[in-house]
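The structure under discussion appears below in the form of structure tokens.
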Amino acid sequence: MMTKEQILQWLEQFADAIAQNKEYLTQLDAAIGDADHGINMDRGFQKVASQLPKLAEQDISSVLKTVSITLISSVGGASGPLYGTFFLRASTAVAGKQELSNEDLASLLQAGLDGVLQRGKAQLGDKTMIDALSPAVTAFTQAIGQGKTTSEAIQQATAAAEQGMQATIPMLAKKGRASYLGDRSIDHQDPGATSVYLMLKSLSEVLGMTSD
Amino acid sequence: MMTKEQILQWLEQFADAIAQNKEYLTQLDAAIGDADHGINMDRGFQKVASQLPKLAEQDISSVLKTVSITLISSVGGASGPLYGTFFLRASTAVAGKQELSNEDLASLLQAGLDGVLQRGKAQLGDKTMIDALSPAVTAFTQAIGQGKTTSEAIQQATAAAEQGMQATIPMLAKKGRASYLGDRSIDHQDPGATSVYLMLKSLSEVLGMTSD
Amino acid sequence: MKKLINQPEDFVRESLIGMAKAHSDLLKVQFEPTFVYRADAPVQGKVALISGGGSGHEPLHAGFVGRGMLDAACPGEVFTSPTPDQMLAAAKQVDGGAGILYIVKNYSGDVMNFEMATELARAEDLRVLSILIDDDVAVKDSLYTQGRRGVGTTVLAEKICGAAAEKGYDLADIADLCRRVNLNGRSMGVALTSCTVPAIMKPTFELDADEIEMGIGIHGEPGRERMTIKSADEITEMLAMSIFEDIVYTRTVREWDESKGGFVDVQLTNPEWEKGDRLLAFVNGMGGTPLAELYIVYRQLADLCAQQGWQIVRNLIGSYITSLDMQGCSITLLRLDDEMIRLWDAPVKTASWRWGS
Amino acid sequence: MKKLINQPEDFVRESLIGMAKAHSDLLKVQFEPTFVYRADAPVQGKVALISGGGSGHEPLHAGFVGRGMLDAACPGEVFTSPTPDQMLAAAKQVDGGAGILYIVKNYSGDVMNFEMATELARAEDLRVLSILIDDDVAVKDSLYTQGRRGVGTTVLAEKICGAAAEKGYDLADIADLCRRVNLNGRSMGVALTSCTVPAIMKPTFELDADEIEMGIGIHGEPGRERMTIKSADEITEMLAMSIFEDIVYTRTVREWDESKGGFVDVQLTNPEWEKGDRLLAFVNGMGGTPLAELYIVYRQLADLCAQQGWQIVRNLIGSYITSLDMQGCSITLLRLDDEMIRLWDAPVKTASWRWGS
Ligand SMILES: Nc1ncnc2c1ncn2[C@@H]1O[C@H](COP(=O)(O)OP(=O)(O)O)[C@@H](O)[C@H]1O
Ligand SMILES: Nc1ncnc2c1ncn2[C@@H]1O[C@H](COP(=O)(O)OP(=O)(O)O)[C@@H](O)[C@H]1O
Ligand SMILES: [Mg+2]
Ligand SMILES: [Mg+2]
Ligand SMILES: [Mg+2]
Ligand SMILES: [Mg+2]
């Protein structure tokens, strides 16, 4: 179960995590991209964070939609449309809900993933954020299918995201800027997969703080 | 006394000295100018050196005139017209001579100095080649007045040029590029004064090799 | 690393304010969302041309806004695609009733943002088409990569299509022309030094004092291969040969289909070049390269083209699509036809490119 | 340090060959002695304009050869004045019977070589005058120095006088106009990095990572003062204030006197500027400076001029008089009158500057 407050806490936590890892994400992007992923994400999530107080009155779906619009109009680059689409589809998936059941959370994540897949046309193994996001969604859905609590399920999802993120290291990139490098993209961790892991980690921190 | 052969040897020796000190002269110019004095002088004197064999048939005045024209049309910068004028006036001063007496040599040097003064409008103490050339000419004239041999006189002239060159170090430049630096020109040796010293040194080496 | 900037986050904004102050006769600048547009826009009855992309490539694109070239440019943050709201607002501002063409460089960010903008514009009944520029032969295949990057041909497409719009071509014809320019353009670039992004103030990549990067894009991305520096003639030959020897390139791109009302996949293939073809040779500086060096490169390129049996009938030499302060250059060869030549020669009046007016 | 060059000693020559190949419609290049001249020279009945100086400042001067600007340019080795035989040969080549004006930047080498060329040309009955450009306010006095250097105003004088020659002005009038432009122009420059001369391949001076040189010329000479890097706004203010606060400057220069048939000393004094004066503001990149940074500087400069009560009515922003790969910029302000504005706006068609044709 996840409340509106927890959604807001998650977004705040994620914005914090991005701010703290801004340079790290940018360094990862410098190695195989154009050295801006941390800067892009931070620009967007600082804006999101500053809007959170105003969002307290809105329902979950509206909050996620506002986040989406903010990201789309302030992040730019590849991550802007991708994260923007994630939150847009997430918003649609939970339309009308006041609280999210585990099933709601699963369909939020699944819808978000589907949006990113459609927008970016990347496949698993292309060395993109998909490689962290897709295993995370699968792990979450499996966990709740096995009757795990929200907190347990999201922790498994986070672990899967972390593994997926690490699994990008030996991959040869086939989408995004890193793909131009050919073999030279190998042995570097994908920045987008890393920010996705931070997103899951923030979520599990927020949900771990409460009993379900 | 100085023969045509010695004139040719002098020019060859000077060209060698410039080639060997090309980087040194350029470094001096880098500190207070535009880092090209060695390159400029070497470009011109390489050309002079390559012409020397062809000049064996000409008289002293013609040799010096050819040197002048070569320098004027290949050195450029400030040193091109200045050295070019030096050799042009030197050529005129010894017109018709088959050998140079000490008095001829004195008027060659004096005419050259006068030409450089007229062309460049610098005064003693302005931190230019004048500060080496002018004392050298004075020392030479004095020495022959005192009945010294050519070789002795030119050695004194060279010593005066060396002192004059060193005396440029504490000077504040008032002509040439170094003058733009104001106080910052102090504590650096003038490149043009240094090449003039090399010119005198080459001359004294050539004349020292013979008995007068 | 030192730059003439104030706060790094104000880099793009302050530079655009400077442009607005300097060229009020040619262009206007709008913020939130940010775009630059022709002072006399909308031009009624004319197709409007809009391009955009990350900043740091100046004069591209804002320097090319004006008569005979772009109607609007959407600058993103440095090396970061602009956002759909910028593109939509620009489209609304310059729409003269004859439709709008987005000219988009093929980078995942630019493509996705322009696609979203196209969808948004179409939803508001604006007649928008978009054409991708993907001309960088350093990227070999499109199956295992994002596809070729859009580089130097972008500049040429903006000039040629801008002239066509000025002459009254309709939207479909300009889109066809733009696609044709792209299919006939091939580019390859080299970096002697990395660039330094203002927000970071450290070089994006490290190169040794005697190393160069071959096959770079325009964002300080590392290239395909690092090698020891060579002479200008050898470097030019490597760049030119990559272009000459480029094999037929086929890729699938998404274009808006007006009859279907949505994006469709389109397969496009570059035509082969033949001896005797007429070329435009474009030697482009990366931002920190002295003009004199570009002429040294051009000198060798002209000889190499002649040896291959190609005629250079037009050329462009200068820094038009840059990577901030990077040293290096790119070569673009565009195979011309009569129509392109006519449009190339047509008048243009923008902040950074002007002739015939 | 890396450059797109072959042998350093071929730098100037190969770059000129590239220009000749690229712009055969505009210019021709001659070697031994070296000069670049208008493809259609001599233009009968037109005063011929010739400038020259060390190379490494491209596009100055060869990039400005063509209709509405220079008839010929004499490039020296990098940062080294060309030689009198180049200047004489160029004069003979472009003489259209209405006389020739040498536009000379005030450096001891350039001055002496152009003086010798003037003497040689006069001896061959060519009607040559020469005007010195000495606009760099970083050099305070002329009594204790070589006098002010010729920098940015050179570009403006070449444009304005080139237009006058095209309109049929006679030699004396063009010389007067050129002198007037010089007396009304003031410049000041800053280096963020040194340049690197091809023959040396080491930076001419060493600057720490956080140091800049204020009051530089265009040859990699150290400036008057070294200081810690500041924001673009502060740097712009320092440059602009040096220009605004410049005191009345008087110097003695040598000009050819046609009645006396020789050089005479002439005392010249810059006029004072008054509130409401109209200015041309020229923000010049030193060769390695991204265009976007120049606009950041212009933005602040425009505000500062407005605060001083001066109107900027024309501007020029770009890299026109450079020091190889140096990063940094210079500001030139030229006080305009109606005649200068008319001539500024006149058409020009050269390799690096073109409008109205
Ligand atoms: N087509 C795509 N599908 C999924 N993710 C992508 C795609 N293209 C790029 N990415 C992700 O975006 C990340 C880069 O984001 P960012 O640096 O902000 O944008 P840009 O590449 O435009 O500079 C990559 O690390 C990768 O994870
Ligand atoms: N007006 C002048 N009179 C005498 N010597 C001068 C004058 N101007 C410059 N010099 C000399 O020329 C030298 C510099 O020569 P060089 O570097 O070849 O030319 P440039 O200064 O044009 O680069 C200076 O060190 C100085 O000795
Ligand atoms: Mg990136
Ligand atoms: Mg010098
Ligand atoms: Mg980016
Ligand atoms: Mg010099």
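In the stretch D:55-84, of all residues being in a loop (DSSP other than H, G, I, E, B) and either charged (D, E, K, R) or facing chain B (nearest Cβ under 10 Å) (or both), the one that is farthest from ligand 6 (Cβ to nearest atom) corresponds to D:ASP71. Only a single criterion out of (1) in contact with a helix residue (DSSP H, G or I) (Cβ under 8 Å, 6 or more places away or on another chain); (2) within 12 Å of chain C (Cβ to nearest Cβ) is not satisfied by D:MET87, namely (2).
Would you pick out the residues in the stretch C:64-95 that are farther than 21 Å from C:ILE174 by Cβ and in contact with a Leu (Cβ under 7 Å, 6 or more places away or on another chain)? Those that are farther than 21 Å from C:ILE174 by Cβ and in contact with a Leu (Cβ under 7 Å, 6 or more places away or on another chain): C:PRO75, C:PRO84.
Looking across C:ASP233, C:ASP208, one residue alone is assigned to a helix (DSSP H, G or I), more than 23 Å from C:ASP176 (Cα to Cα) and either within 23 Å of the chain's Cα centre (by Cα) or more than 16 Å from ligand 3 (Cβ to nearest atom) (or both). It is C:ASP233. Exactly one condition in (1) in contact with a Lys or Arg (Cβ under 7 Å, 6 or more places away or on another chain); (2) outside the structural domain of C:SER330 (by TED's automatic domain parsing); (3) touching a residue at least 24 places away in the same chain (Cβ under 8 Å) is not met by C:THR250; state its number. Unmet for C:THR250, out of (1) in contact with a Lys or Arg (Cβ under 7 Å, 6 or more places away or on another chain); (2) outside the structural domain of C:SER330 (by TED's automatic domain parsing); (3) touching a residue at least 24 places away in the same chain (Cβ under 8 Å): (1). Considering the stretch C:99-113, and only residues there that are part of a helix (DSSP H, G or I) and in contact with a helix residue (DSSP H, G or I) (Cβ under 6 Å, 6 or more places away or on another chain), the residue that is nearest to the other protein chains (Cβ to nearest Cβ) turns out to be C:MET112. Only residues that are over 19 Å from C:LEU294 (Cα atoms) and either at the interface with another protein chain (Cβ under 8 Å from one of its Cβ atoms) or touching a residue at least 40 places away in the same chain (Cβ under 8 Å) (or both) were counted in the stretch C:207-225, giving 8. Residues in the stretch D:39-60 that are in contact with a helix residue (DSSP H, G or I) (Cβ under 9 Å, 6 or more places away or on another chain) and over 16 Å from D:PHE11 (Cα atoms): 10 in all. Screening D:GLY96 against (1) on the phi > 0 side of the Ramachandran plot; (2) out of contact with any helix residue (DSSP H, G or I) (no Cβ under 6 Å at 6 or more places or on another chain) leaves a single unmet condition, (1).
In summary, A:LEU124 fulfils each of the numbered conditions (1) touching a Pro at 6+ places or on another chain (Cβ under 9 Å); (2) within 14 Å of another protein chain (Cβ to nearest Cβ) with the single exception of condition (2). A search for C-beta distances below 7 Å between a residue of the stretch A:182-195 that is assigned to a loop (DSSP other than H, G, I, E, B) and any residue that is of a type in the set (Ser, Thr, Tyr) and at pLDDT 95 or above, counting only pairs 6+ apart in sequence or on different chains, returns A:GLN189/A:THR168; A:ASP190/A:THR128; A:ASP190/A:THR168. All of D:THR204, D:THR228 fail the test of being over 20 Å from C:PRO290 (Cα atoms) and either surrounded by fewer than 24 Cβ atoms within 10 Å (Cβ to Cβ) or within 9 Å of chain B (Cβ to nearest Cβ) (or both), apart from D:THR228. Of all the criteria given as (1) closer than 27 Å to D:SER319 by Cβ; (2) without any contact (Cβ under 8 Å) to a residue 40 or more places away in the chain, the one not satisfied by C:ALA240 is (2). Being closer than 20 Å to A:LEU117 by Cα, part of a helix (DSSP H, G or I) and either within 14 Å of another protein chain (Cβ to nearest Cβ) or within 16 Å of ligand 5 (Cβ to nearest atom) (or both) is a property that does not hold for A:SER91. Remark: pairs (first residue in the stretch D:302-325, closer than 20 Å to D:TRP353 by Cβ; second residue buried (at least 19 other Cβ atoms within 10 Å of the Cβ) and among the polar types (S, T, N, Q); Cβ separation under 6 Å; 6+ apart in sequence or on different chains) = D:TYR320/D:ASN284; D:ILE321/D:ASN284. Scanning the stretch C:17-30 turns up no residue that is under 15 Å from the mean Cα position of the chain (by Cα) and either farther than 29 Å from C:GLY285 by Cβ or surrounded by 24 or more Cβ atoms within 10 Å (Cβ to Cβ) (or both). Report, by residue number, each residue of the stretch B:142-192 that is of a type in the set (Val, Ile, Thr) and surrounded by fewer than 19 Cβ atoms within 10 Å (Cβ to Cβ). Correct list: B:THR149, B:ILE169, B:ILE186. Each residue in the stretch C:133-185 was checked for being within 19 Å of C:ASN315 (Cα to Cα) and either of a type in the set (Lys, Arg) or not in a helix (DSSP H, G or I) (or both), and 8 of them qualify.
Applying the set (1) assigned to a helix (DSSP H, G or I); (2) more than 10 Å from every other protein chain (Cβ to nearest Cβ) to D:ASP25 leaves exactly one unmet item: (1). Just so you know, in the stretch D:1-27 the residues that are without any contact (Cβ under 8 Å) to a residue 12 or more places away in the chain and not small (Gly, Ala, Ser) include one that is farthest from D:ILE200 (Cα to Cα), and it is D:LYS21. With a requirement of 1 or more residues that are surrounded by 20 or more Cβ atoms within 10 Å (Cβ to Cβ) and of a type in the set (Phe, Trp, Tyr), the strands (runs of 3 or more DSSP E) lying completely within the stretch C:237-329 that satisfy it span C:250-257, C:278-285. Scanning the stretch A:194-207 for any residue that is of a type outside the set (Val, Ile, Thr) and more than 23 Å from A:HIS37 (Cβ to Cβ) turns up at least one such residue.
The values are calculated or read from the model by the stated rules, or taken from the named source; none is laboratory data. Keep in mind that this is a model prediction, so the values were computed, not measured. Counting neighbours? That spans all protein chains shown, and the Cβs are built from the backbone with ideal geometry, glycine included.
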